[in-house]
Amino acid sequence: MRYDAELPNPWLNCPGLPAGAAAALAALHFAEPRPETLARLTDRDRLAALDFCHHAGIALLVRDVLPEATARDAANNLLRLRTLEDTYREFARLPVDFVALKGITQCDLFGIRPEDRAQSDIDLYCPRETVGAAHEALLAAGYFPIAGLEALPTDHLPALMRPSGWKWRGDFFDPDMPLAVELHFQFWNPSLERLPAGGVDEFWTRRIRRAIAGLELPVLAPQDAVAYAALHLLKHVLHGDTRAFHVYEIASFLHKHSEDDTFWSTWRTLHSESLRRLQTVSFLLAESWFGCRLAAAVREQAALLPAATHAWFTAFATAPAVQRFHPNKDDLWLHLSLLESNRDKLQIARRRLLPTTLPPPARATATASRQAVYVSWFLARLRHHIVSFGATFASAIRWWRVTHR
């Protein structure tokens, strides 16, 4: 299977994806951008496209095509950006040793302007032995845990937020929306995913400082920051919760650094085979969705992936984008293709097909009206699992045929 920028724009003919969503994604394709598709939508489809873009985190990336719809969002996001910068400055003064993950702290590396990135929470990493002290420092600074999410499997402590009377009113860029803070204590959960990522704990030892909004902040080294972004995306893909912005962010980096031989040589040296393997899956998804260029080192690593994984990209690469509109569990086949142990495959299949717990909703950690948000989200996820159950059997047959050709 060949993965390169010669692949056509998949959103120009993507069954199951509404016209608005397909047009928004097609406009962001690197090799074959089609912004005119978004511009030609009917008024109704343009509203649907904007709604999709808000949920997918890409509204500000298409502001040139939807200027009348995103002007207020852009103005409000600048106000939120100032709040974010002030919050990072506040954290820099706390007696806490951390690294800032994701968000505006990585914009320059990934080639995306902070003004074009929606960010509703702040993610910090602290080693397990010090994350408790960091938690206490934030409590002392006036933050409180968001109740109700303690028992769910995550890589971080329950999110923290300052008390606020703010309520969700459908505005993703509301300047008054409080920021949640998540304290991460691990970069990857191999026991949950049954996939090793050797050497991720070394990210902490290689941390650096980068100037962000006039402030020196501790962040991950460039190769490790890309690895973490790829692992973060893969986790969400495998859990059936893929956000288009996370895919585009990685595509932007890959396109920008496809000929950066120094970066990729260091990447190959620093990261273990198992860690490079998992990153490459996310890299291929980014290329499949947005047609970004891939470095030679990524292509070499892609050639080492299992044949079943390549088959998944042939048959199901766009399935995560369709999930919001037509529930499916096609990501399960990707997960199974990466596993070697039949016991692990059985455990993952049982967890995805018969879930006993669900991951927390993204917006429940960024709103004071968390109970209403959580109930609405839970009912939506319940419907997703019920509707997708029947579709999974048809998908399984298709998967069997693809892998047994």
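Any read-out appearing in this document is the output of simple, stated calculations on the displayed coordinates, not a laboratory observation. This structure is a prediction, so every number in the text was calculated from the model and none was measured. Glycine also receives a Cβ, built like all others from the backbone with ideal geometry; neighbour counts cover every protein chain displayed.
Worth a mention:
- Qualifying residue in segment 242-260 (condition: outside any helix (DSSP H, G or I) and hydrophobic (A, V, I, L, M, F, W, C)): no
- With respect to the conditions (1) farther than 25 Å from A225 by Cα; (2) among the charged types (D, E, K, R); (3) within 23 Å of the chain's Cα centre (by Cα), E36 falls short on a single one, namely (3).
- Output for segment 251-301, where each listed residue is farther than 17 Å from F313 by Cβ and in contact with a Phe, Trp or Tyr (Cβ under 7 Å, 6 or more places away or on another chain): S252, F253, H255, H257, A295, A297
- Output for segment 76-124, where each listed residue is among the aromatic types (F, W, Y) and touching an Asp or Glu at 6+ places or on another chain (Cβ under 7 Å): F110
- Top-ranked residue in segment 152-174 [being touching a strand residue (DSSP E or B) at 6+ places or on another chain (Cβ under 8 Å) and among the hydrophobic types (A, V, I, L, M, F, W, C); ranked as surrounded by the most Cβ atoms within 10 Å (Cβ to Cβ)]: A159
- Among (1) more than 30 Å from A307 (Cβ to Cβ); (2) part of a loop (DSSP other than H, G, I, E, B), the one test that L17 misses: (1)
- Highlighted here are the helices (runs of 4 or more DSSP H) found entirely within segment 102-199 that include at least 1 residues which are closer than 21 Å to L78 by Cβ: 107-110.
- Scanning segment 207-255 for residues that are farther than 25 Å from V322 by Cα and among the basic types (K, R), we see that the one that is surrounded by the fewest Cβ atoms within 10 Å (Cβ to Cβ) is R209.
- Selection count where residues are touching a helix residue (DSSP H, G or I) at 6+ places or on another chain (Cβ under 9 Å) and either hydrophobic (A, V, I, L, M, F, W, C) or surrounded by 15 or more Cβ atoms within 10 Å (Cβ to Cβ) (or both), scope segment 62-92: 15
- Residue match in segment 105-119 (condition: surrounded by 19 or more Cβ atoms within 10 Å (Cβ to Cβ), β-branched (V, I, T) and over 21 Å from R34 (Cα atoms)): yes
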